[in-house]
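Below is one structure; the comments refer to it alone.
Values in this text are rule-based calculations from the coordinates and carry no lab data. Keep in mind that this is a model prediction, so the values were computed, not measured. No Cβ is skipped: glycine too gets one built from the backbone with ideal geometry, and neighbour counts run over all protein chains shown.
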Amino acid sequence: MKKIFFLACVSALLCACNNNPAQESKSFMDLARQRYAVREYAQTPVEQAKLDSILEAGRLAPTAKNVQPQHIYVLQSREAIAKINELTRCAYGAPVVFLVCYDTNAVWTRDGANSGDMDCSIVGTHMMLEATELGLGTCWVKWFNPEEVAAAFELPANYKPSFLMPCGYAADNAQPHANHFNRKPLSETVSYK
């Protein structure tokens, strides 16, 4: 009888754990479908714990030969945001802008090409999806002059800006761009050999 009671308790506990909405997480495909380029942000500050989680997601990203050449500047001070707004119209009023760079001294290089932008892209994708999971919006931005940004933020000569990623809570009226939903069928983008 004790054994049956014990098994019933364990079973009830497992069911309670599995039905706890706080423990449910979105699937990867849910996150991929939910994410869109946010171009209007609320001025609500982003909590440090969420920034830390986004940065940790980037840190966990794979890079060529695992050299981890990325360096991320978190632009959030009034001065830094004003400066980036002078250099691009694509910060979209976000309270935080990640300036994602790579160290040219650390990148994997082969046949004259380096992995810097590729590595940063993988890091950025991890960050973007983590931000989405945390209820934040992001936008991938390449509309800036890398040399001007490097000079304005006094980056070391070996740090090359790869992209900017505005981040924050989407404004109430933020919507995906109409093109967001236009996806080619797999038959146009995939071939089997």
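When we measure straight from the Cα of K160, which aspartates and glutamates land under 14 angstrom away, once same-chain ones fewer than 8 places off are left out?
Reachable aspartates and glutamates: D103, D117, D119, E147, E148.
How much length is gained if the chain between K193 and N85 is pulled fully straight, taking 0.36 nm per residue apart and subtracting their Cα-Cα distance, in nm to one decimal?
34.2 nm
If a/c stays under 1.5 just call it rounded; otherwise compare a/b with b/c (prolate if a/b is bigger, oblate if not). Do that for the stretch 27-174, with a ≥ b ≥ c from the square roots of the Cα gyration tensor eigenvalues.
Note, shape of the stretch 27-174 comes out oblate.
Using 1/(1 + (r/R0)^6) with R0 = 41 angstrom and r between the beta carbons of E148 and L31, what's the FRET efficiency to the nearest 0.05?
For E148 and L31, the calculated efficiency is 0.80.
If you line up the long axis of helix 2-18 against the longest principal axis of the chain, both from Cα atoms, how many degrees apart are they, to the nearest 10?
30 degrees
Below 8 Å, C-alpha to C-alpha, sequence gap of six or more: please give me the relative contact order for the chain in percent.
Normalised by residue count, the contact order of the chain is 30 percent.
Could you run the Karplus curve 6.51 cos²θ - 1.76 cosθ + 1.60 with θ = phi - 60° over the stretch 27-43 and give me ³J(HN,Hα) per residue in whole Hz, x for Gly and Pro?
6, 4, 5, 4, 4, 4, 6, 6, 5, 8, 6, 7, 10, 9, 10, 6, 8
Highest mean first, how do 157-163, 109-115 rank when packing is the count of other Cβ atoms within 10 Å averaged over residues?
Peptide ranking by packing, descending: 157-163, 109-115.
Starting from the Cα of Q175, step 7 Å along the direction of its Cβ; do the same at M118; then give the gap between the two resulting points in nm.
3.9 nm
Taking amide H positions as placed 1.01 Å from N in the peptide plane, with prolines and chain starts having none, which residues 5 or more places from Y41, or on another chain, fall under 5 Å of its amide H?
When sequence neighbours closer than 5 places are left aside, the close amide H contacts are A171.
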